[in-house]
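S.K.: First, the structure itself, so that you have it in front of you.
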Amino acid sequence: MKYPLLLSAIALASTMVACGGSETPVHDITEAISASSFSYVTDQAGVGRVFSGPTYRVSFDNDDKTATVKMENVVWADGAQSASYVFTGVAWKFNPDNKARVIDADRLIPDGAMMPVITDLEITMYEPKEIDGQTVSGLSVSYTAEGKYDVTNVPYRTMFTGSTETVNTTDNSSFETTKTTYAVDIDPQSMTGVLKINSAAFAENMPSLNMEFPGLIVNVVDGGYRLHAESILPTIAGTPYPAFQISNFEMEVDIDGDSRLEFNCFVPFGGSKGLHKVEAFFEATYTPAD
């Protein structure tokens, strides 16, 4: 079973390309390139390994609904040399529900070669948007190589925007905001992550803060990845704040969007003082340009 993971693009452009002679119609092409990232490769024994430096370039022909997929500097096994492959004429569809271009190919072989065989290729590209003043876009890539390597392309940084709801467990009052945004930075060597929260507000009278949750454990799972921690000491401007103790943190990132996180947070002041349960929901994940 492969482990698809939603990743992100650092470049997105739409161009008009002429194919062939002067009388050949001009095609509308949308191009995307993966962000700075690493490959997470699981072998048949279920052992996961990290390989740095892959790049995926996808050119979507918006007229004939085919794509050219370029895999560059990919490595799937210890001791293997990095390699690059090109696949042309790959069919794609537009998903109106999340406004994404989607590739779902059962079996492909690279141009001009018979190997390697790529199966279960899944690519999703989300339209660009602005988060915290940065233009971001999303590109996910996952596949199985040579029938024995399940590959996911993992960005070093992923950004999330959506709805955050907080429930005061003392009186069951609730507070909701769409202003809070999130970013996850992953260290592939330790497989740990840091959640950076911008404009955090978990209660009506809570001042808007920028916070970080360090030391999150990263696990690749079927359909995406998880971050979790039993207890977190958050930091604000680099200073630990024990008063805002975080517990039972779980974050799930899904390739189809619909990602979510939840945790418990103690609010130490005002009429909202007490334990709060925080939940946030996201329709997609994004990565800013390098």
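The values are calculated or read from the model by the stated rules, or taken from the named source; none is laboratory data. It should be emphasised that the depicted structure is a prediction, and the values quoted were computed from it without experimental measurement. When we count neighbours, we look across all protein chains shown, and the Cβ atoms used for this are built from the backbone with ideal geometry, even at glycine.
S.K.: Working carefully through the options S272, S259, find the one that is buried (at least 16 other Cβ atoms within 10 Å of the Cβ) and under 30 Å from D120 (Cβ atoms).
M.R.: Going through S272, S259 in turn, the sole match is S259.
S.K.: Which of the residues that make up the range 115-141 are at pLDDT 90 or above and either surrounded by fewer than 24 Cβ atoms within 10 Å (Cβ to Cβ) or of a type in the set (V, I, T) (or both)?
M.R.: M115, P116, V117, I118, T119, D120, L121, E122, I123, T124, V141, listed by residue number.
S.K.: So, one more: For the range 199-213, which residues satisfy the criterion of being assigned to a strand (DSSP E or B) and modelled with pLDDT under 95?
M.R.: Answer for the range 199-213, where residues must be assigned to a strand (DSSP E or B) and modelled with pLDDT under 95: S199, A200, L209, N210, M211.
S.K.: Here is a follow-up. Please enumerate the residues belonging to the range 35-50 that are touching a Ser or Thr at 6+ places or on another chain (Cβ under 6 Å) and either hydroxyl-bearing (S, T, Y) or at pLDDT 95 or above (or both).
M.R.: Of everything in the range 35-50, just one residue is touching a Ser or Thr at 6+ places or on another chain (Cβ under 6 Å) and either hydroxyl-bearing (S, T, Y) or at pLDDT 95 or above (or both), namely Y40.
S.K.: For the range 98-113, state whether one or more residues are touching a Phe, Trp or Tyr at 6+ places or on another chain (Cβ under 7 Å), exposed (fewer than 13 other Cβ atoms within 10 Å of the Cβ) and farther than 28 Å from F160 by Cβ.
M.R.: Looking for residues that are touching a Phe, Trp or Tyr at 6+ places or on another chain (Cβ under 7 Å), exposed (fewer than 13 other Cβ atoms within 10 Å of the Cβ) and farther than 28 Å from F160 by Cβ, one finds at least one in the range 98-113, hence yes.
S.K.: Pairs only if they're at least six apart or on different chains, beta carbon under 8 angstrom, first in the range 125-141 and at positive phi, second of a type in the set (D, E, K, R) and part of a strand (DSSP E or B); list them, first residue then second.
M.R.: Matching pairs, first to second residue: none at all.
S.K.: I need the full set of residues from the range 163-189 which are assigned to a strand (DSSP E or B) and among the β-branched types (V, I, T), in order please. Before the answer, list the steps.
M.R.: Taking the range 163-189 first, the residues assigned to a strand (DSSP E or B) are 163-168, 174-177, 181-187.
If the condition is that a residue be assigned to a strand (DSSP E or B) and among the β-branched types (V, I, T), then T164, T166, V167, T177, T181, V184, I186 are the ones that fit.
S.K.: Return yes or no: is A229 outside the structural domain of Y126 (by TED's automatic domain parsing) and modelled with pLDDT of 95 or more?
M.R.: So A229 passes the test.
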